[in-house]
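*Asks:* Quick one: this structure, given as C-alpha cells, is what I'll be asking you about.
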Amino acid sequence: MPTQADVRRLALALPETTEEPHFDLGSFRVNRKIFCTMAADSPRIMLKLDPEDQRNLVADNPAAIQPVPGYWGQKGSTHIQLGQLDEARLASLMRLAWATVAPKRLLR
C-alpha cells in the first residue's frame with residue numbers, strides 16, 4: 001500500500017513539479033496548476049484527471065477510484081484510495097493527472 005511519502009516522492013519525480021500549500025492541504029503543481037492534493041494522514045488523495053479518463057478509471061476500479069462529489073468531480077477531480085492500489089498503479093495515475101495540466105512542451 002502506498003504511503004503519503006510515496007505520493008510525495010512520485011509527484012516530485014515528475015518534471016517541473018512543485019509542492020505548495022493549498023488551504024489546509026498539500027498540493028503538487030506543474031506550471032502553477034494543481035494535479036494532486038493530499039490531506040495530512042488521509043487514506044486518499046485527489047488527482048485532477050480528464051473527465052473521460054476519470055469515467056473509464058472509475059468503471060474499471062470503483063473501490064479505489066471515485067469522482068469527487070459535485071462540480072469539481074464533474075470537471076475531473078478524482079479521489080484515489082491509497083490502500084486499494086499498488087505503487088506502480090499509483091505512479092501511472094499520477095503521471096496521467098500530471099499530463100492533464102502540464103504544458104505541451106513537457107509532454108513532448
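The values are calculated or read from the model by the stated rules, or taken from the named source; none is laboratory data. Small disclaimer: the values here were computed from a predicted structure and weren't measured. Because the Cβ atoms are built from the backbone with ideal geometry, glycine has one as well, and the counts that use them run over all protein chains shown. Remember, those area values only see protein heavy atoms, side chains included, never the ligands or the DNA or RNA. Shrake-Rupley method; radii C 1.70, N 1.55, O 1.52, S 1.80 Å.
*Asks:* Could you run through the range 81-108 and say how many residues are over 12 Å from residue 14 (Cβ atoms) and more than 14 Å from the chain's Cα centre (by Cα)?
*Replies:* The total comes to 7.
*Asks:* If a residue has to be in a helix (DSSP H, G or I) and either open to solvent by 70 Å² or more (accessible area, probe 1.4 Å) or among the aliphatic types (A, V, I, L, M) (or both) to count, how many in the range 40-52 make the cut?
*Replies:* So in the range 40-52, the residues in a helix (DSSP H, G or I) come out as 51-52.
After this cut, where a residue has to be either open to solvent by 70 Å² or more (accessible area, probe 1.4 Å) or among the aliphatic types (A, V, I, L, M) (or both) as well, the list is 52.
Counting residues in the range 40-52 that are in a helix (DSSP H, G or I) and either open to solvent by 70 Å² or more (accessible area, probe 1.4 Å) or among the aliphatic types (A, V, I, L, M) (or both) gives 1.
*Asks:* Here's a follow-up. Just checking, which of 55, 29 is open to solvent by 80 Å² or more (accessible area, probe 1.4 Å), of a type in the set (Lys, Arg) and within 29 Å of residue 105 (Cβ to Cβ)?
*Replies:* Working: 29 fails: open to solvent by 80 Å² or more (accessible area, probe 1.4 Å).
So the residue among 55, 29 that is open to solvent by 80 Å² or more (accessible area, probe 1.4 Å), of a type in the set (Lys, Arg) and within 29 Å of residue 105 (Cβ to Cβ) is 55.
*Asks:* So, one more: Can you report the number of residues in the range 1-26 which are of a type in the set (D, E, K, R), in a loop (DSSP other than H, G, I, E, B) and surrounded by 12 or more Cβ atoms within 10 Å (Cβ to Cβ)?
*Replies:* So the answer is 1.
*Asks:* For the range 27-39, which residues satisfy the criterion of being in a loop (DSSP other than H, G, I, E, B) and either more than 16 Å from residue 96 (Cα to Cα) or of a type in the set (A, V, I, L, M) (or both)? Working first, answer last.
*Replies:* Here is the first cut: in the range 27-39, the ones in a loop (DSSP other than H, G, I, E, B) are 31-32, 39.
Hits for the range 27-39 are 32, 39.
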